[in-house]
1. Return the whole-Å distance between the Cα centroid of segment 91-146 and the Cα centroid of segment 200-278.
2. Which of the GluC sites (Glu not before Pro) across segment 266-318 are loop residues per DSSP, with 11 or fewer other Cβ within 10 Å?
3. Based on the alpha carbon coordinates of segment 66-349, what radius of gyration and maximum Cα-Cα distance (Dmax) apply, in Å?
4. Could you identify which residue out of GLU22, GLU324, GLU256 has the top mean-square fluctuation in a GNM of the chain using Cα springs shorter than 10 Å?
5. Solvent-accessible area per residue for segment 3-61 at a 1.4 Å probe radius, Å²?
6. Using a 1.4 Å probe and ignoring any ligands, DNA or RNA, find the accessible area of TYR105 and quote it in Å² to the nearest 10.
7. Please arrange SER41, SER191 by accessible surface area, largest first, computed with a 1.4 Å probe and ligands excluded.
8. Please name which of ILE176, GLY76, CYS122 has its Cα lying farthest along the dipole of the chain towards the positive end, using unit charges on Cβ (Lys, Arg +1; Asp, Glu -1) and the Cα centre as origin.
Amino acid sequence: MKTELIGMSLTELEDFLEAMGEKRFRGRQVYRWIYRNRVRSFAEMTDLPRGIREELAKIACLTLPCILQERISEDGTRKLLLQLKDRKTIEMVIIPHQVTGGTRYTACISSQVGCPVRCLFCAPGASGFERNLEVYEIVGQALLGLQWGISNVVFMGMGEPLLNYQAVLQTVGLLIDHQGINIGQRHITISTAGEARGIRWLAREGLQVTLAVSLHSARDELRDVLVPLNRKYPLAVLREALNFYQGKTRRRVTLEYVLLDKVNTGWEDAQALIRFTRGLLVNVNLIPYNEVECGEYRCPQREVIDRFKMWLTRAGVNVTLREEKGADIEAACGQLKTKKVNGGQQENTRQR
Ligand code: SAH
C-alpha cells in the first residue's frame, strides 16, 4: 500500500522524507508542491532530484476525490458527486457570489459519508451514516475547488463536522496555512447541528473561523423532533456552550434557521428565537427550505418568509435571508447522492 501524502502537515511530510533518508527540507518542498502549487504528480515537483521523485512515486501517492458527476445550475452553482478510494460517494457544491469587482466562489464540503445526526428534513441523515472522512478526503475537496478559484470554504455538505473533530481541525489547519493553501480564517465556516461538546473544544482552538449552528427551532419540543441531537444537548445546554464560545473567541456566531412551512415559522417560533438570541452576539440566517423529492416538508410562501424576518428585525435581531442557489439542480445537501442511489438520471447531468 502506498502512503497517501495529501492531508499530511508540514511536519508529517518532513518526517516522511527524513524516514526515506532525505533531508527534512525536502518535506517542505513537497508540502509547497501539494498545497501551494497543487500539482497532481511527483514528476511535476521539479525542484526535487529525479531520484527522490521516482522513489516517491514508488512508495507514496497523491489522491484527490474522483468527480463522478457534475451538474451546473443556471445561476452557476456547480454540484459535484465525488467518489472516494473505497468507492463511497460524497457531495460538494461550488457556489458563486457576485461581489464588487467580480465573482467569488465558495466550496461547500462534506466531513462524513452520510450523517449520524438524522435531522428530519435533511437528505444525508435519511440515507444513514457510513464513516468519517479522512483529512486527505476533506482537504482534497478544497484542492479540487481551488481549480474553480474558491476563496471560501463552508463545512455545510454531508455530515456533522464536530463529530469528526480531529480530521476537520487538521483540515482547517491546512486550509489556513500561509505557506500552503492560504485561505483566510474568516472565509471558513464550520456548521454544526449543535454538538455542544465540540463547540466547547473549538472555543479553545484560538481560531478566527466562523461557527454556524443549525438551530431551526428555539423550542425544545420541536427541536427534539427536527434535530434529534437536541435530546442530547437541549437548547439551554447549547446556549451555554455558545456563551462559553463567545467568551473565549469574541466571535459572532451564525444561527441557521431553515424555514419549514407550517412547522417553525409561527409567531411563537419567532418569539422563542428572539429570546434565544438575547445576550448572544449572533446573526440569524434564514434559509428557505430546498424541497426534497418525496419529502413531507415544504418551503413557505414569500409572505410567510418576509413576515418571519420582519418579526425578528423589529425585535432588533441581526437577520439575513439566504438567497436560494442551485434549486434547479437540487443543490441542498444529499440530494444528488439520494438521486443517484435511486437510480435517477437527470437531463443536464454530465457523466465523467
Ligand atoms: N451537520 C451540519 C452541517 C451540514 S448541513 C449542520 O447541521 O449544520 C448544512 C445546513 O444545510 C444545515 O443548516 C442544514 O440544516 C441545512 N439543510 C439541510 N437540508 C436542507 C434543505 N433541504 N434545504 C435547506 N437547507 C437544508
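1. Cα centroid of segment 91-146 versus Cα centroid of segment 200-278: 21 Å apart.
2. Details: sites: GLU268, GLU291, GLU293, GLU296, GLU303; in loops: GLU291, GLU293, GLU296.
Listed in order of number, the matching sites are GLU293, GLU296.
3. 17.9, 51
4. The residue that fluctuates most here is GLU22.
5. Working: 3080 Å² over 59 residues.
That works out to 52 Å² for each residue.
6. About 70 Å², rounded to the nearest 10.
7. Details: SER41 40, SER191 10 Å².
Of SER41, SER191, the descending order of accessible area is SER41, SER191.
8. It is ILE176, whose Cα lies furthest towards the positive end.
The values are calculated or read from the model by the stated rules, or taken from the named source; none is laboratory data. Just so we're clear, the structure is a prediction, and the values are computed from it rather than from any experiment. Here Cβ is always computed from backbone atoms with ideal geometry, including for glycine, and neighbour counts include all displayed protein chains. Just so you know, the surface numbers come from the protein's heavy atoms only, side chains and all, with ligands and any DNA or RNA stripped out. Shrake-Rupley method; radii C 1.70, N 1.55, O 1.52, S 1.80 Å.
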